[in-house]
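The values are calculated or read from the model by the stated rules, or taken from the named source; none is laboratory data. Computed from a prediction, not measured in an experiment: that's the story for all the values here. Cβ sites come from the backbone with ideal geometry, for glycine too, and all protein chains shown count toward neighbours. What goes into the accessible areas is simple: the full protein's heavy atoms, side chains included, and nothing from ligands, DNA or RNA. Shrake-Rupley method; radii C 1.70, N 1.55, O 1.52, S 1.80 Å.
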Amino acid sequence: MVLTDELNSLRELVLRFAGEYVAPRTDLHQRMSFPEDLQNELARKNLYGIGVPVAYRGMGGGWLHMAVAGQALVESGYNLGVALSWFMHVLISRFVFFGFGADRQKIAHLPSLATGVCTPCLAISEPGVGGHPARLVTSAREEGGVYRIIGEKAYLTNGPIADLYVVLAITSEQDGRKSYTAFIVPSGTPGLKRTEPLDMGFLRPCPHGGIVLDGCEVGEENILGLKGHAYPDMAIAFRRIEDAMMMALFVGGARAQLSRIADALRAGGEQPDRGTASLLGETVSTIDSLEVLAYEAANLLDQYRIDHPELLSMTLFMRQTAVTVQERISEIVRISGIDPGQPCKALAHDIDSSLRIAANVAGITREKLGRSLLS
């Protein structure tokens with residue numbers, strides 16, 4: 001896909017930012033907490049405003065703008081964790097708050113989200129059960145126009161630093177089928193307590209953690225979207241968008257790794273043999289193709305949201321392609337005997353680990369697609 005001048009300018013802006021503020025930080029892969037100074041710089045450059053309309057103090061743009069910026073942030077910054085923390089911020093701002101917020105909620109929250117004053121967090125998963133809708137137990141009971149939320153959420157990206165939690169809670173149940181509603185719960189709400197940060201062993205310094213909701217009280221005005229429809233409208237849709245949009249970050253990571261590998265090969269002073277050169281070329285061409293698909297997926301989201309019939313298949317194909325790219329990069333390092341450096345190794349570990357997280361879900365999705373051919 002040929003990028004417009006606007007998108008190329010955004011790409012160059014983020015490449016410069018990441019090269020100046022992210023790449024030189026040798027401490028990032030050891031940190032469990034997101035550096036406040038880096039968060040401030042992201043806000044100062046208005047990067048938290050990508051995808052939020054200018055009317056709400058954002059930078060404007062849509063899903064393709066976020067994909068281009070996310071790829072550049074990893075490509076020049078050599079850190080997937082920094083990009084993931086930023087990425088989840090802008091995805092939630094655009095899809096959840098801008099997509100489902102009433103006018104008064106957009107006015108109240110989008111400016112602070114776009115300027116980085118507030119950090120959002122989508123709170124769906126729970127300890128031991130993940131995000132499976134039949135197993136979630138966090139509930140919200142209405143008492144005189146006030147909802148009391150009781151439960152615990154876990155594995156939350158940006159959970160330890162969030163100012164606004166969008167909490168999915170059960171508001172009704174009929175014949176064993178649970179209906180969920182999304183509530184905006186500010187971090188200072190009485191009864192809300194953060195649990196200890198979770199060290200996942202990768203994706204540092206992106207913070208992960210949980211919250212306990214012990215009778216948190218919020219009003220009707222805190223309901224986001226349609227009451228009782230939050231799981232299909234918000235949770236399922238967000239997961240599909242996240243899966244598709246993450247591919248741009250993996251492309252940036254692959255390009256960053258190849259850049260370090262090429263530097264190491266040049267520093268060795270010897271030309272690679274024909275087999276290594278061919279594998280390099282094959283890997284570059286695969287990454288180029290994956291980039292086109294990642295941008296096209298974001299473009300489809302801009303045009304159709306998640307309703308395009310080919311988006312799911314495209315995401316599954318991109319995911320498997322990303323796995324193949326990482327395998328080839330590992331093979332290049334192995335057969336050439338080079339040391340690409342710690343940033344490259346940490347980036348490879350983060351991408352490998354991230355791709356493994358949802359492998360089972362991707363497998364189930366592929367099986368369902370296969371069985372649909374026989375129905």
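The table for this structure:
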read-out: Single condition Ile306 does not satisfy, out of (1) open to solvent by less than 30 Å² (accessible area, probe 1.4 Å); (2) among the hydrophobic types (A, V, I, L, M, F, W, C); (3) assigned to a loop (DSSP other than H, G, I, E, B); value: (1)
read-out: Filter result (open to solvent by less than 20 Å² (accessible area, probe 1.4 Å), without any contact (Cβ under 8 Å) to a residue 60 or more places away in the chain and either assigned to a loop (DSSP other than H, G, I, E, B) or closer than 14 Å to Val333 by Cα (or both)) within the range 241-296; value: Thr283
read-out: In the range 339-350, the residues that are part of a helix (DSSP H, G or I) and either open to solvent by less than 30 Å² (accessible area, probe 1.4 Å) or β-branched (Val, Ile, Thr) (or both); value: Cys344, Ala346, Leu347, Ala348, Asp350
read-out: Test: residue in the range 325-338 that is closer than 29 Å to Phe95 by Cβ and buried (at least 16 other Cβ atoms within 10 Å of the Cβ); value: yes
read-out: Residue count for the range 30-72, restricted to those that are open to solvent by 30 Å² or more (accessible area, probe 1.4 Å) and in a loop (DSSP other than H, G, I, E, B); value: 9
read-out: Answer from Ser76, Ser9 - the residue that is under 25 Å from Asp288 (Cα atoms), open to solvent by 40 Å² or more (accessible area, probe 1.4 Å) and in a helix (DSSP H, G or I); value: Ser9
read-out: Filtered residues of the range 108-160 (kept if assigned to a helix (DSSP H, G or I), in contact with a helix residue (DSSP H, G or I) (Cβ under 8 Å, 6 or more places away or on another chain) and surrounded by fewer than 20 Cβ atoms within 10 Å (Cβ to Cβ)); value: Pro111
